[in-house]
Amino acid sequence: MLPTQPVPVSALAQRLACEFRGDASHLIDSVGSVTHATRSQITFVVDQRRANEILASDAGAVIVRAEDAGLITDRPVLIHDDPYYAYALLAQYFSPRPRARASVHASAVVEPSASVDPSAEIGPLVYIAPDAKIAAGVRIHAGVRIGRGSSVGADTEIFPNVVLYHGCQVGERCVLHAGVVLGADGFGYAPHKGQWTKIPQTGGVIIGNDVEIGANTTIDRGALDDTEIGDGVKLDNQIQIGHNCKIGAHTAIAGCVGIAGSTRIGKHCMIGGAAMLAGHFDICDNVVISAGTLIASDIKKPGRYTGVFPTVEHSLWRKMAVKIRKLSS
Amino acid sequence: MLPTQPVPVSALAQRLACEFRGDASHLIDSVGSVTHATRSQITFVVDQRRANEILASDAGAVIVRAEDAGLITDRPVLIHDDPYYAYALLAQYFSPRPRARASVHASAVVEPSASVDPSAEIGPLVYIAPDAKIAAGVRIHAGVRIGRGSSVGADTEIFPNVVLYHGCQVGERCVLHAGVVLGADGFGYAPHKGQWTKIPQTGGVIIGNDVEIGANTTIDRGALDDTEIGDGVKLDNQIQIGHNCKIGAHTAIAGCVGIAGSTRIGKHCMIGGAAMLAGHFDICDNVVISAGTLIASDIKKPGRYTGVFPTVEHSLWRKMAVKIRKLSS
Amino acid sequence: MLPTQPVPVSALAQRLACEFRGDASHLIDSVGSVTHATRSQITFVVDQRRANEILASDAGAVIVRAEDAGLITDRPVLIHDDPYYAYALLAQYFSPRPRARASVHASAVVEPSASVDPSAEIGPLVYIAPDAKIAAGVRIHAGVRIGRGSSVGADTEIFPNVVLYHGCQVGERCVLHAGVVLGADGFGYAPHKGQWTKIPQTGGVIIGNDVEIGANTTIDRGALDDTEIGDGVKLDNQIQIGHNCKIGAHTAIAGCVGIAGSTRIGKHCMIGGAAMLAGHFDICDNVVISAGTLIASDIKKPGRYTGVFPTVEHSLWRKMAVKIRKLSS
């Protein structure tokens, strides 16, 4: 947000603890994409085939693997084992998250029994219920609602209009985007004579550290036990996570995914957009689920799983559909 | 939320009007799951095969069917035709919903022409528009917006940041979870020379009694007539219901389902997560639609309907996809 | 919303600049559907087969194509090349959008450096951040949050609890429905040793003129460049649009669609409900994508594309699924 001072390439190399070649004094003020980077920007390349694009670009400097360094000799290069990761670190350096400005906005409503660290920032028109706990360095933007007895860990940022029900715990350094709802009742009813009798949902929601949750994503509270999201999990927008799910650390889930209740997902999984996981199944560590795929059984072996109908022109699809219907006879 | 007094097993049996066996005076203070229930908790079993788990558990008492009562002789049993339903009733008894505390928070904005029953609870930073009507015992949490002329029936609870547009009617004893939007415009446009001309959406939304609506679910207002949700309908999170839909009483719909405009769904239907119903179709009573299934025609016969591609390891899926594409030739 | 004065059929024909037949003085006060229209309502017919329904209806007048005018002789007809479009124009005439009442509600929080046109309407409990710009005739409903430096063009209406992050631009005459989130961070992380390192999202969101965005739809800000929605685009509810997408003018997208990052969609496309577009692909102009279809490659030829498994009774589906699984062998 704030303009950052330009720094010489050599200082960036020092920051990344990596080697560099070329003009040490060339000044860089931000990161850029391969195709749009300007003279004062640094970009990265991980694919040798894109080296020509770099040469045709205005990029002021490039992060490359050692084996690709020889391809780019007309401008400074930083040599790093993992150029995309190094690029991410520099992007964070040039665009740091704003820190909390210790303050409670005059229009916020904070119940007397809530505990708010003096270093936290409570924005306009926020409501913080009794017995809630807001730790040091937390930023809470306009219109957020923190429920009774819920807690927010240090340095977490909560964007506008997020809702935490009662009894939710959010870890440290998390980011919750606008419209997120944590702790709504799980979908639990006992059928009886054609009607549904509600099962009270008395568990909570526990979010680990370094978790990011995308806009309008919902995570239900547990029925009896808690719903748990592990450390370092990254959730995109519009995801629904049912009651009692457990998501393992460092798993990443793309937008529009639905996860029915009591699903356990391992660590280091990747779930593609709009995938749907029916409930009460276990997914082991290191599983990749393709976009649009429905999972309705346990997955016990790491690997990638897919189940989507191939997309074709509609007239061809009609022919395919007729033949597939015949498979049931 | 509040700790409940422990009660003897005999009192629970009396409450359920059912038989019991074993120590009448054993004290119970809450419900628990088969595997985690403690000495002071009651659980239930509907599957004979799980009786062994009960015997290995600490559960203080168990609700069982008459035919299973003989399997559990080491602790008190309540004998009920429908153990899961009986369990739900006891769970409600031990975790009652908090009642409205008659009050209007000082930070709420209530227009003078709105009518708010004195027994209702209006939370912080709520806005209630002109001519809205809030009935007795209603609880409205922080940040809710009630539109012009909308009405909320007795004992309904509305969680934070819900939005009701103008002209929406919500019945009695409903629960609307955070982020629900009722009465946004339906998606109606007339195409003309490559552009879209909006059709004003002048109908309303009518929600019956005892309806529960999950977090961030949206229900559009009708184009001319109303969108109608029948009594006892249960909607999970992140559902989209288009304009002029009619959902029959006691139908349950899981998360992430999309229902396009003018769809009529019968009574006592169950729709699995992420199913999609294309618009202008009729689904009769007692239909079950599997998760992830697309419905694009009327369903006139009760039963279960499915249409999902089987999920397999990605390398196998590639082979299947190639063969399916060939079906179009 | 407000009752409109009845007007003679001849005045409506004059307004549409079209021919009419029948009683010029018959009074019309609103539009209605073919089956429910009353004596004082006008409806339309585009399908000759529905002419009999008109004759059996109470509709006071009918908009028809010239070739169908002879079928309806018992009441006034307006003759128009595009009856549905003409109907939309009359519906807008009878139900005009309320105009902004120049005002800032006392409970709104508007930062001093924000610029709000005196003709704009700022509702209760709204927050407008520093350096935001609100143009003439804008209506902002209760609980909306406008981020730092964001701008809203003339005559745009923003319904309750919408969130604009910093640096979002919304054009003129747009409608943003409740719960919309513009400008949350895109889903961008660099993987490194089993963990995810965030790539700061420093682009913005640019929304053209005459765009409508449905309830709870989310549009992420760009990673470096902007996410762009073209003029006249219509988005239904619960849509997710990832970072750096570009949506061409006058494209319409139905509810629950997910569009992964860096997807480019052409002009005049139509995307059916719950379709999913995997990222980094280009869809050309004039493409129709069927509901529930997954797109995972470029589309370079206009036309309709489909990829959904045919839905059948569950027992038949089981047989089909077994045979399809065999295709992988």
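Some points to look at:
- Averaged over C:121-130, number of beta-carbon atoms from partner chains that fall within 10 Å: 5
- Among residues other than A:Gly214 with Cβ under 11 Å from its Cβ, the summed charge is -3 (Lys and Arg +1, Asp and Glu -1).
- Label 7 Å beyond Cα on the Cβ vector: B:Ser40 copy-to-copy distances, nm: 6.6, 6.6
- Among beta bridges that DSSP assigns inside chain C, antiparallel share in %, nearest 5: 10 percent
- Distance (nanometres) between label positions extended 7 Å along Cα→Cβ at B:Leu71 and B:Asp285: 3.3 nm
- For A:Arg304, the residues 5 or more places off, or on other chains, whose built amide H falls under 5 Å of its own are A:Val288, B:His314.
- Value of [θ]222 nm, deg cm²/dmol, for chain B, DSSP H segments ≥ 4, -39500 (n - 2.57) each, nearest 500: -3500 deg cm²/dmol
- Remark: the range A:181-329 carries a charge dipole of roughly 1000 debye about the Cα centre, counting +1 on each Lys and Arg Cβ and -1 on each Asp and Glu Cβ.
- Label 7 Å beyond Cα on the Cβ vector: A:Gln195 copy-to-copy distances, nm: 5.3, 5.3
- Between identical copies, the spacing of A:Pro96 label points, each set 7 Å from Cα toward the C-beta atom, reads 5.4, 5.4 nm from nearest to farthest.
- Mean separation of Cα contacts under 8 Å (6+ apart) over length of chain A, as relative contact order %: 7 percent
- Taking Cβ atoms as reference points and 12 Å as the exclusive limit, the residues near A:Ala120 contribute a net charge of 0, counting Lys and Arg as +1 and Asp and Glu as -1.
- Per-residue mean of C-beta atoms belonging to partner chains within 10 Å, peptide A:81-89: 5
- Put the Cα centre of the range A:286-329 next to the Cα centre of the range A:84-99 and the gap is 39 Å.
- Restricting the trypsin sites (Lys or Arg not before Pro) of the range A:99-158 to loop positions (DSSP other than H, G, I, E, B) with no more than 14 neighbouring Cβ atoms within 10 Å leaves A:Arg99, A:Arg101.
- Amide H within-cut-off set for C:Ile28, under 5 Å, with H built and near neighbours excluded: C:Val7, C:Val9
- By definition, a body whose alpha carbon gyration tensor gives a ≥ b ≥ c is rounded when a/c is under 1.5, and the protein assembly as shown falls into this rounded group.
- Lysine pairs meeting the criterion (Cα under 19 Å, 8 or more apart or interchain), as found in chain A: 7
- Largest accessible area first, the listed residues C:Tyr85, A:Tyr87 line up as C:Tyr85, A:Tyr87 when surface is computed with a 1.4 Å probe on the assembled protein chains.
- Here, chain B has an Rg and a Dmax of 24.3, 79 Å when only alpha carbons are counted.
- Label-to-label distance, B:Gln5 versus A:Ala11, with points set 7 angstrom from Cα along the beta-carbon direction: 7.1 nm.
- Applying the Karplus relation 6.51 cos²θ - 1.76 cosθ + 1.60 with θ = phi - 60° to the range A:244-254 yields 3J(HN,Hα) values of 6, 5, 10, 10, x, 4, 6, 7, 10, 10, 7 Hz, where x marks Gly and Pro.
- What the phi angles of the range B:317-329 give under the Karplus curve with 6.51, -1.76 and 1.60, with θ = phi - 60°, is a coupling list of 4, 4, 5, 4, 5, 4, 5, 5, 4, 5, 5, 8, 9 Hz, glycine and proline written as x.
- Take each residue in B:171-184, count the other chain C-beta atoms within 10 Å of its C-beta, and the mean is 5.
- Karplus (6.51, -1.76, 1.60) ³J(HN,Hα), θ = phi - 60°, over the range B:184-195, in Hz, Gly and Pro reported as x: 5, 4, x, 8, x, 9, 9, x, 7, 6, x, 10
- Calculated FRET efficiency for the pair C:His36/B:Gln195, C-beta based, R₀ 22 Å, to 0.05: 0.20
- Computed over neighbours whose Cβ is under 15 Å from that of A:Ala102, the net charge equals -1, Lys and Arg +1, Asp and Glu -1.
- Summary value for the range A:67-144: 24 percent relative contact order, contacts being C-alpha pairs under 8 angstrom separated by 6+ residues.
- Taking the Cα centre of the range A:15-66 as reference, the dipole from Cβ charges on Lys and Arg (+1) and Asp and Glu (-1) amounts to some 140 debye.
- Cβ-derived FRET efficiency at R0 30 Å, C:Arg97 paired with C:Glu53, nearest 0.05: 0.50
The values are calculated or read from the model by the stated rules, or taken from the named source; none is laboratory data. Computed from a predicted structure; not experimentally measured. Counting neighbours? That spans all protein chains shown, and the Cβs are built from the backbone with ideal geometry, glycine included. Please note that ligands, DNA and RNA were not included when accessible areas were found on the heavy atoms of the full protein model with its side chains. Shrake-Rupley method; radii C 1.70, N 1.55, O 1.52, S 1.80 Å.
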